[in-house]
Structure formats: C-alpha cells, structure tokens
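Contents: one structure, followed by commentary.
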Amino acid sequence: MSASSNDHPNGTFSDLFTKEDFSLYSNAMTFMRRPLVKNPLAKEPVAENADVVVLGVPFDMATSGRSGARMGPDAVRRASVNLSWESKKFPWEFKLFEHTSVIDAGDLVFDCGDAEDMTQRLEAAANQILSSGKMLLSLGGDHFVTLPLLRAYAKHHGEMALIHFDAHTDTYNNGSRYDHGTMFYHAPNEGLIDPKSSVQIGIRTEYKKQGHGFNVINAMEANDLSVAEIVSQVKAIVGDKPVYLTFDIDCLDPAFAPGTGTPVCGGISSDKALKIIRALQGINLVGMDVVEVSPAYDQSEITALAAATIALELLYVWTANKLSASNTTA
C-alpha cells in the first residue's frame with residue numbers, strides 16, 4: 001500500500017482523528033470536549049495556560065440512599081457533549097472558551113473502597129491545583145466530596161460563605177465519619193465556612209431549625225419567590241466574602257432530575273435553578289462543584305444534562321466576573 005493511500009480529500013487520517021470539530025457521538029470523554037490533561041500541573045502549554053481544571057470524583061461510599069453517584073462524573077461529561085456545539089451558550093453574549101481556558105484532568109484516582117484515602121487525596125489534589133493559580137470545577141460523586149474540597153479551599157481563601165443548593169441541609173450530626181449528610185455540620189466546626197454568611201436553597205426535608213445557623217430558602221419559598229427576590233437575599237447574605245457554591249442535583253424536583261440517590265418531590269425546576277445561577281454574577285465565586293448524579297436511576301440522561309448545564313453556567317458566571325474585573329481595572 002502506497003503512502004498516498006492514507007490521504008483523504010479533507011486531509012490525512014491523523015488530521016481527521018485530531019480535529020476539534022468532532023461529531024456529537026465520537027470520543028465523548030471530557031467535559032465540553034476540553035483537552036484531557038491528566039497532569040494539570042505539567043510544564044506544558046495546555047496545562048500551564050489553563051484557567052480552570054475540571055476534576056471528577058467517582059466516589060459514593062458516603063451515600064445513605066441509592067448508590068451509583070460514582071458513575072456521575074462520566075455521565076455528566078457525556079451529557080455535556082450535547083452542549084458543546086454552541087459557540088456561546090444561550091443566553092450569554094460571549095464565547096466562554098475565548099476568555100477562559102478549561103482542561104479536564106479526568107477523575108481522581110484513589111484506593112478502591114478506602115474513604116480515608118479518597119479524602120486525603122482529594123484535599124491534596126485540590127490544594128495543588130489551587131496553589132498553581134487555577135480554578136477548580138469538581139464533578140461528584142456523592143456530596144461528601146465537598147468536605148475535603150472545602151478544606152483545600154480554606155487554605156487559600158480562609159473562612160468562606162457557602163451557597164448550597166440541595167433538598168437536604170447536610171448538617172446532621174450522625175452517621176459514620178464518612179456520610180454525605182454531615183459535611184455542613186463539620187465544615188463550620190472546622191472554620192471552613194461561616195453559616196451566618198451562607199444560604200441553603202431548595203431544602204425540603206427535616207432539620208433542627210433551632211440553632212441551625214444557616215440561612216435557609218426552603219423549596220416552597222424558592223418556588224413562590226421570583227428569581228430576583230431569591231438572588232437579592234443570597235447576595236445580601238454572602239456579601240463580599242469568598243463564596244463556594246455547591247449544587248446537589250437533588251435540589252431539582254425529580255421531574256427534572258430523577259437520577260439521584262435521595263430524590264425528594266417538591267423541588268425547583270431546572271429553568272429556575274439556571275436563572276438563579278446566572279443572576280449570581282458579581283459574587284466573589286472562588287469554588288464550585290456539582291454532585292449526586294446517579295445515572296443508573298436517570299431517564300434519557302435528563303439528570304446528567306441538567307448537571308452538565310449547571311456546571312457550564314457556573315463557568316460562565318466565573319468568567320463573567322473575570323471579564324468584569326478586567327474591564328474595571330482597564
């Protein structure tokens with residue numbers, strides 16, 4: 001076979017396999033088709049020039065309900081392919097990846113079945129990424145993964161405000177050391193977050209209101225209030241403190257997100273969640289995660305698609321803030 005037989009009217013086969021404009025179905029393994037860089041700290045241009053690192057955390061050993069969130073990062077990445085064809089996500093007016101360089105570092109690797117090893121490795125990995133000056137978008141995994149992430153962020157930002165979308169407060173002082181309902185009991189006690197400057201949105205399960213500490217906009221209130229009213233409250237609560245935003249997909253009603261471990265009826269819609277997130281431009285957003293997608297219980301990928309869209313909107317908010325700060329200092 002001659003060398004010319006490898007030619008193709010549109011280029012060589014190597015060109016065809018490496019071109020950026022893939023179909024919706026080929027090689028769908030990274031978030032928004034961003035470059036896969038297994039070592040985000042590598043001394044190479046793609047890694048060094050990255051602004052944001054996407055890191056999956058395939059962990060669900062702290063789950064109290066249905067398991068399966070360990071498969072969440074892969075499901076969210078694959079669903080994100082449906083969003084990647086838009087050069088700028090509606091209704092945003094700028095092209096995200098022209099202003100923010102994003103790489104996907106794949107998933108955290110830890111000893112299977114060892115929750116302590118995962119906890120230590122995740123905190124260390126997040127700390128190194130943040131120390132390099134990069135932003136981190138984490139994809140869970142069950143909600144416990146937020147605790148080691150907060151420990152890493154606190155090393156760089158001190159005590160933070162928390163914006164927490166969820167059906168549950170996760171402030172319960174029970175269960176084992178590794179429990180996805182106890183993170184926000186431990187985090188204030190460790191000085192990672194300030195409950196008075198934090199807000200929980202979408203809550204619709206039992207919690208002790210007396211001495212709770214956190215500001216709560218429960219699901220009934222969130223469904224009745226306008227987006228502007230909710231965002232006004234949130235911004236007044238967090239002020240100018242550094243903000244970590246964590247989105248448990250079960251904040252959404254099961255009609256919009258059935259694929260999760262602990263679904264609860266009466267949640268907010270995906271439309272309302274996206275509108276709230278977009279309107280949070282201007283907060284001092286320093287960290288973010290989307291968790292608790294359990295694809296085994298999903299239907300037609302609607303939960304994974306909701307999670308991927310929320311993650312993308314968070315990147316837009318962070319980038320919009322960066323552009324606003326740049327215009328202010330120009």
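Here are some notes:
- Within segment 71-95, restricting attention to residues that are among the hydroxyl-bearing types (Ser, Thr, Tyr) and buried (at least 16 other Cβ atoms within 10 Å of the Cβ), the residue that is modelled with the lowest pLDDT is Ser84.
- Residues of segment 188-223 classified as under 21 Å from Cys265 (Cα atoms) and either assigned to a helix (DSSP H, G or I) or not β-branched (Val, Ile, Thr) (or both), total: 13
- From Ile310, Ile302, residue being surrounded by fewer than 22 Cβ atoms within 10 Å (Cβ to Cβ) and at pLDDT 95 or above: Ile302
- Considering residues of segment 230-267 that are among the acidic types (Asp, Glu) and buried (at least 24 other Cβ atoms within 10 Å of the Cβ) only, the residue nearest to the chain's Cα centre (by Cα): Asp248
- Scanning segment 145-192 for residues that are surrounded by fewer than 17 Cβ atoms within 10 Å (Cβ to Cβ), closer than 16 Å to Val286 by Cα and not small (Gly, Ala, Ser) returns Lys155, His156, Glu159.
- Every pair of residues 6+ apart whose Cβ atoms lie under 6 Å, when the first sits in segment 300-316 and is under 18 Å from Gly141 (Cβ atoms) and touching a residue at least 12 places away in the same chain (Cβ under 8 Å) while the second is β-branched (Val, Ile, Thr) and part of a loop (DSSP other than H, G, I, E, B): Thr303/Val293; Ala304/Val293; Ala307/Val293
- Selected residue (criterion: modelled with the highest pLDDT) from residues of segment 187-203 that are charged (D, E, K, R) and either within 20 Å of Pro148 (Cβ to Cβ) or touching a strand residue (DSSP E or B) at 6+ places or on another chain (Cβ under 6 Å) (or both): Asp194
- Taking segment 126-158 as the range and being in contact (Cβ under 8 Å) with a residue 60 or more places away in the chain, charged (D, E, K, R) and either touching a Lys or Arg at 6+ places or on another chain (Cβ under 9 Å) or part of a helix (DSSP H, G or I) (or both) as the test, only Asp142 passes.
- Residue within segment 100-120 that is in a helix (DSSP H, G or I), aliphatic (A, V, I, L, M) and more than 21 Å from Leu314 (Cα to Cα) present: yes
- Criterion applied to Leu136, Leu150, Leu192, Leu162 was being among the aliphatic types (A, V, I, L, M) and closer than 23 Å to Ala47 by Cα, and the one residue passing it is Leu136.
- Residues of segment 280-300 that are closer than 19 Å to Val264 by Cα and aliphatic (A, V, I, L, M): Val290, Val291, Val293, Ala296.
- Residue pairs meeting the criteria (Cβ under 8 Å; at least 6 apart or on separate chains; first closer than 20 Å to Met118 by Cα, in segment 37-55; second in a loop (DSSP other than H, G, I, E, B) and among the small types (Gly, Ala, Ser)): Pro40/Ala50; Pro40/Ser132; Leu41/Ser132
- Scope segment 99-121; condition more than 16 Å from the chain's Cα centre (by Cα) and among the acidic types (Asp, Glu); matching residues: Asp111, Asp114, Glu116, Asp117
- Pairing residues of segment 69-86 that are within 18 Å of Phe144 (Cβ to Cβ) and in contact (Cβ under 8 Å) with a residue 60 or more places away in the chain with residues that are hydrophobic (A, V, I, L, M, F, W, C) and assigned to a helix (DSSP H, G or I), at Cβ distances under 6 Å and at least 6 apart in sequence or on separate chains, gives Val76/Ala304; Val76/Ala307; Val76/Ala308.
- Output for segment 206-228, where each listed residue is touching a helix residue (DSSP H, G or I) at 6+ places or on another chain (Cβ under 9 Å) and under 16 Å from Ile283 (Cα atoms): Val227
- Which numbered condition Ser326 misses (of (1) part of a loop (DSSP other than H, G, I, E, B); (2) without any contact (Cβ under 8 Å) to a residue 60 or more places away in the chain; (3) of a type outside the set (D, E, K, R)): (1)
- Residue within segment 172-180 that is touching a strand residue (DSSP E or B) at 6+ places or on another chain (Cβ under 7 Å) and either at pLDDT 95 or above or over 19 Å from Leu245 (Cβ atoms) (or both) present: no
- Within segment 167-187, considering residues that are outside any loop (DSSP other than H, G, I, E, B) and either among the charged types (D, E, K, R) or in contact with a Leu (Cβ under 9 Å, 6 or more places away or on another chain) (or both), the one nearest to Gly202 (Cα to Cα): Phe184
The values are calculated or read from the model by the stated rules, or taken from the named source; none is laboratory data. None of these values were measured; they are calculated from a predicted model. Reconstructed Cβ throughout: ideal geometry from the backbone, glycine too, with neighbour counts over all protein chains shown.
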